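Reviewing the structure listed below.
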Amino acid sequence: MTKASDLFIQCLEQEGVEYIFGVPGEENLDFLDSLSRSKQIKLILTRHEQGAGFMAATYGRHTGKTGVCLATLGPGATNFVTAAAYAQLGGMPMLMITGQKPIKKSKQGRFQILDVVRMMGPITKFTHQMASSDNIPSRVREAIRLAEEEKPGATHIELPEDIADEQTDSVPLTPSQVRRPTADAKSVRAAVTQIEQAKSPVLVIGAGANRSMTSRMLMQFIEKTGIPFLTTQLGKGVVDERHPKFLGCAALSSGDFVHRAVEASDCIINIGHDVIEKPPFFMRQKTPDMDAGPTVIHISTRTAEVDPVYFPHIEVIGDIANAMWQIKQDIVPNGGWKFDHMLAFRQAEVDHTTPLEQDARFPIFPPYLVRAVRDVMPEDGIICLDNGIYKIWFARGYTAYRPNTVLLDNALATMGAGLPSAMMSAMLYPERRVMAICGDGGFMMNSQEMETAVRLGLNLTILILNDNSYGMIRWKQANMGFQDWGLSYGNPDFVKYAESYGAHGHRVTSAEHLKQLLAETGASKGVHLIEVPVDYSENDQILNIDIKTLSKNL
């Protein structure tokens, strides 16, 4: 016979779990004791359950394997809610384990007790209360299977105290070997025919292509056909953005250079589209007085989720890399394809952005900041963005060379995830440079995790973009004609704040000083925080683009 909590740990070990992130409580003590004897799984004690959830989700994002996090009942479980939604919308495999009071005999009434299983229902793929220790192997296997199955997401298991202490003769289940199905040959042929007959096809690379790691096959397709490509924010880096056929990233909702390039296409090959992202283009229904617009080909592991602006004409469903290989093998490049107009929009964006990147004013101008960060980051360096107006700047202007080197959240778009995400990246890849880029508002939502980063001995640079306000909402407030009110605040002395945790604190005093600090911290060990005063005053003028006045080529 085996104690149930020991069996739970054995099941997680069988699944290849390496870490459990969390804040244990009284109801987790049996589980914690069993975990202490594991030779495979390491407990990462965080300072808040939300930080633990963000770290577990980021582990899933990087590896494709399930990240695991732990909390107690009641307030511990409720603190997982934002992280659960973050993983669920963002397609990151994660398993949350929460404790609960005894379910067979209660001695404390309803103290701290919430129906956590029902609470987790709308924001997870699977949620279950363990009512019998004999079911632990099958429930753990199912939770992890569903977390990793396309589309990946969050799962949850509640382990009550009395169940954790039971004895059972159950044993762990072995994970099955699974491969994604291949696309149907007729759908592949229909897609090939449509692309060959098009005048100006274009590739749009979305979130699902990043999860499926399609980089090599997409590059081969682009090299064979010469068809230009753009990305969504969650598709950044799938194909090296230094490629001459790269058109840009859809960081704004509409009207940007890259959207004009898409409008010049008559056939959009949409790879790994996920409706959680802001659409990179808008479809329209054909009416008597309006053309239907371009043909849209949906290539993904899942059929298209239709909404008012997305209803594709052809769907190729199966493993994305294999589907692209089939299309690449079958397609005959059309010598009549025209891409000059699309590429001219990309050149217009480069011409527009390059002078802005040289603007060395102080406080720091966002395009200058993006260029400075790109210049110091190695090819495999990882930047992890929190949520704010600067996310648009980095999505548009930061050239991604490899998959998962630009981690941003264009799904839940929550504040507070930047630092924990960077911490997880630094743990997984200690040989690579990792940088968290956070607004002052988002950073303070989980700034306590600096202690965790220092305790773990991580090598990490944290940029705090300081404008003493919730800057993105303040910008929108002004754009919508409201008075400037209710969004400004004061900040701590960030240098002293970092030092109080045992980290190194720095404050930028000029544009040149920013470059110097970025270089110095990259060559140093430990956790470095750099406070960067920023100037968002010209967001309007730069992001609201009149392309006709900016490019003589169009």
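The values are calculated or read from the model by the stated rules, or taken from the named source; none is laboratory data. This structure is a prediction, so every number in the text was calculated from the model and none was measured. Positions of Cβ are generated from backbone atoms using ideal geometry, with glycine treated the same way; all protein chains shown enter the neighbour counts.
Just a few scattered comments:
- Put simply, of Phe229, Phe221 the only residue that is in contact (Cβ under 8 Å) with a residue 24 or more places away in the chain and closer than 19 Å to Val350 by Cβ is Phe229.
- One residue stands out in region 250-263 among those that are within 22 Å of Ala304 (Cβ to Cβ) and at pLDDT 80 or above: the one that is surrounded by the most Cβ atoms within 10 Å (Cβ to Cβ), namely Ala250.
Rundown of residues vs (1) of a type in the set (Asp, Glu); (2) modelled with pLDDT under 95; (3) under 16 Å from the mean Cα position of the chain (by Cα), yes/no style:
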| residue | (1), (2), (3) |
| --- | --- |
| Gln326 | no, no, no |
| Gly336 | no, yes, no |
| Thr353 | no, yes, no |
| Pro367 | no, yes, no |
| Glu379 | yes, no, no |
| Ile383 | no, no, yes |
| Thr399 | no, no, no |
| Thr405 | no, no, yes |
| Leu412 | no, yes, yes |
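- Subset of region 25-57 (residues that are in a loop (DSSP other than H, G, I, E, B) and either out of contact with any Ser or Thr (no Cβ under 7 Å at 6 or more places or on another chain) or among the aromatic types (Phe, Trp, Tyr) (or both)): Arg37, Ser38, Lys39, Gln40, Ile41, His48
- Qualifying positions in region 151-200 - within 26 Å of the chain's Cα centre (by Cα), of a type in the set (D, E, K, R) and not assigned by TED's automatic domain parsing to the domain that holds Gly67: Arg179, Arg180
- Those residues of region 516-537 which are over 16 Å from Glu499 (Cβ atoms), of a type outside the set (D, E, K, R) and without any contact (Cβ under 8 Å) to a residue 40 or more places away in the chain, in sequence order: Gln516, Ala523, Ser537
- As for region 489-496, it holds no residue that is at pLDDT 95 or above, within 26 Å of the chain's Cα centre (by Cα), surrounded by 13 or more Cβ atoms within 10 Å (Cβ to Cβ) and hydrophobic (A, V, I, L, M, F, W, C).
- Every condition in (1) out of contact with any Asp or Glu (no Cβ under 8 Å at 6 or more places or on another chain); (2) closer than 30 Å to Lys391 by Cα; (3) surrounded by fewer than 18 Cβ atoms within 10 Å (Cβ to Cβ); (4) in the same structural domain as Gly235 (by TED's automatic domain parsing) holds for Gly272 except the one numbered (3).
- Leu407 being under 23 Å from His506 (Cα atoms) and either surrounded by 21 or more Cβ atoms within 10 Å (Cβ to Cβ) or not assigned by TED's automatic domain parsing to the domain that holds Val258 (or both): no
- Within region 443-497, the set of residues being within 20 Å of Tyr390 (Cα to Cα) and among the aliphatic types (A, V, I, L, M) comprises Met444, Met445, Leu460, Ile462, Leu463, Ile464, Leu465, Met472, Ile473, Ala478, Met480, Leu487.
- With a requirement of 1 or more residues that are closer than 22 Å to Arg180 by Cα, the helices (runs of 4 or more DSSP H) lying completely within region 204-286 that satisfy it span 207-211, 215-225.
- Whichever residue in region 7-19 is surrounded by fewer than 20 Cβ atoms within 10 Å (Cβ to Cβ) and among the acidic types (Asp, Glu) and, among such residues, is farthest from Gly51 (Cα to Cα): Glu13
- Some residue of region 459-469 being in a loop (DSSP other than H, G, I, E, B) and either at pLDDT 95 or above or under 20 Å from Gln50 (Cα atoms) (or both): yes
- The one condition from (1) buried (at least 24 other Cβ atoms within 10 Å of the Cβ); (2) β-branched (Val, Ile, Thr); (3) free of Cβ contacts under 8 Å to residues at least 60 places away in the same chain that Ile437 does not meet is (3).
- Residue selection: Glu196 satisfies the criterion of being out of contact with any strand residue (DSSP E or B) (no Cβ under 9 Å at 6 or more places or on another chain) and either crowded, with 17+ Cβ neighbours inside 10 Å or on the phi < 0 side of the Ramachandran plot (or both).
- Residue among Asp266, Asp240, Asp307 that alone is surrounded by fewer than 23 Cβ atoms within 10 Å (Cβ to Cβ) and within 21 Å of Thr405 (Cα to Cα): Asp240
- In region 329-352, the residues that are surrounded by fewer than 17 Cβ atoms within 10 Å (Cβ to Cβ) and within 30 Å of Val534 (Cβ to Cβ): Gln347, Val350, Asp351, His352
Condition check ((1) assigned to a helix (DSSP H, G or I); (2) in contact with a strand residue (DSSP E or B) (Cβ under 8 Å, 6 or more places away or on another chain); (3) not assigned by TED's automatic domain parsing to the domain that holds Arg374) across all residues:
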residue: Thr414; (1), (2), (3): no, no, no
residue: Ala436; (1), (2), (3): no, yes, no
residue: Trp475; (1), (2), (3): yes, no, no
residue: Ala498; (1), (2), (3): yes, yes, no
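- Elements of type helices (runs of 4 or more DSSP H) contained in region 306-384, each with 2 or more residues being free of Cβ contacts under 8 Å to residues at least 24 places away in the same chain and on the phi < 0 side of the Ramachandran plot: 340-357
- If the condition is being of a type in the set (Asp, Glu), modelled with pLDDT under 95 and touching a helix residue (DSSP H, G or I) at 6+ places or on another chain (Cβ under 9 Å), then region 264-318 contributes Asp274, Glu277.
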